[in-house]
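J.: Here it is: the structure, laid out below.
Every number here is computed from the coordinates shown, using simple stated rules; none is lab data. For clarity, every value in this text was computed on a predicted model and none was experimentally measured. Cβ placement follows ideal geometry from the backbone for every residue including glycine, while neighbour counts extend to all protein chains displayed.
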């Protein structure tokens with residue numbers, strides 16, 4: 001699966017519509033709108049910030065998974081944690 005590489009940056013919209021934008025290399029890659037849906041501006045801004053952090057979050061999860069895989073003995077809780085990390089990576093990369 002290909003996606004736009006990070007970093008992604010958040011900006012408030014400067015267009016005619018109300019919303020927030022996520023950019024990569026000065027190109028808009030995602031938008032959260034408030035004028036045509038019921039999402040309030042505060043929620044749209046929070047959504048845009050979360051989306052803009054996605055490449056960093058994915059990289060951190062991949063590093064955590066690689067680090068955790070090196071442990072020879074894992075407790076039940078560590079196995080649960082690792083399964084959740086792998087599930088999140090699979091969801092983000094569509095490799096379920």
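J.: Among 44, 53, 25, whose mean-square fluctuation peaks in a Gaussian network model of the chain (Cα, cutoff 10 Å)?
T.: 25
J.: Next question, about the same structure. May I ask you to sort 81, 67 by Cβ crowding, counting other Cβ atoms within 10 Å and putting the fewest first? Before the final figure, lay out each step's value.
T.: Details: 81 14, 67 11.
Final ranking by Cβ density, sparse to dense: 67, 81.
J.: For residue 46 paired with residue 3, estimate the spin-label separation in nm (one decimal), with each label point 7 Å from Cα along the Cα-to-Cβ line.
T.: 2.1
J.: Fewest first, what order do 22, 40 take by the number of other Cβ atoms within 10 Å?
T.: Numbers: 22 22, 40 10.
Ascending number of Cβ neighbours within 10 Å: 40, 22.
J.: Could you line up 79, 58 from fewest to most neighbouring Cβ atoms inside 10 Å? Could the numbers behind the result be given before it?
T.: Values: 79 11, 58 16.
Going from sparsest to densest Cβ surroundings: 79, 58.
J.: Then there is this: Which semi-axis lengths, in whole Å and largest first, follow from the square roots of five times the eigenvalues of the Cα gyration tensor of the chain? Don't jump to the answer; show the numbers that get you there.
T.: Values: eigenvalues 226, 42, 20 Å².
Taking √(5λ) for each eigenvalue gives 34, 15, 10 Å, largest first.
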